[in-house]
Amino acid sequence: MTSLYARKCLILQPNSKLLNEKGKLKLTAPEYIQLKAFARVDGVMLSVLWLVSFCCYILGITTPLYGLLAFGLAIATPFYVGSRLKRFRDDGLDGAISLLRGWAYVVLVFFYGGLLFAIGQFIYFSYVDHGYLLLSITQMLSVPETAQALRQMGMTDQINETLQMMGEMRPIDITLSILTNNILIGIAIGLPIAALMQRKGEKVKR
């Protein structure tokens, strides 16, 4: 029986083709709508994962346990996206998906998730942070042991320049920078995730 999750989206047409004669990704309008519908839902959930991780990171500045939790949630991102791609493949595409369609799905999930995450971060840096994060990082790097290690590695000037640049950035600048990085990460790790979840079937051809 098709799950409620799958019934909310359009079902793949059996005779559709993913690639045109030149080998490029080709989707019909219903297929494209289906792809975006699944990606939007999963992108929302990915943004929640990232927001929880970010909150734990902020709390981890004073409580190391939260910092470890933030790191764990961040590392879980590709595994979580892979599990959602598997569900999209099994519930929406009858268990078969091409490499390019899987890659497009992952990139869209990171895009939608990144947008919502960016909104949350913009609100934080605009109305909540008031320089707290930068001050905390500066204090951590000013600890004698850390400062000495940075001097030995010859990174003191580089760190100071980075901190100065961060202090001059507006909330919108920080948000757009992180959004761009998240999308680029999605493009980069999307291929291996899609390759792992790729599966051929009688109804879907590459």
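Taking amide H positions as modeled 1.01 Å from N, with prolines and chain starts lacking one, the residues under 5 Å from G95 and 5 or more places away or on another chain are D90. On segment 96-190, 67 percent of the accessible area sits on carbon and sulfur atoms, based on a 1.4 Å probe. Peptides 88-97, 64-73, 189-198, 145-154 ranked from most to least packed give 88-97, 189-198, 64-73, 145-154, packing being the mean of other C-beta atoms within 10 angstrom over each peptide's residues.
The values are calculated or read from the model by the stated rules, or taken from the named source; none is laboratory data. Values in this document were obtained by computation on a predicted structure and should not be read as measured data. Note that we place each Cβ from the backbone using ideal geometry, even for glycine, and neighbour counts take in every protein chain shown. Accessible surface areas use protein heavy atoms only, side chains included; no ligands, DNA or RNA. Shrake-Rupley method; radii C 1.70, N 1.55, O 1.52, S 1.80 Å.
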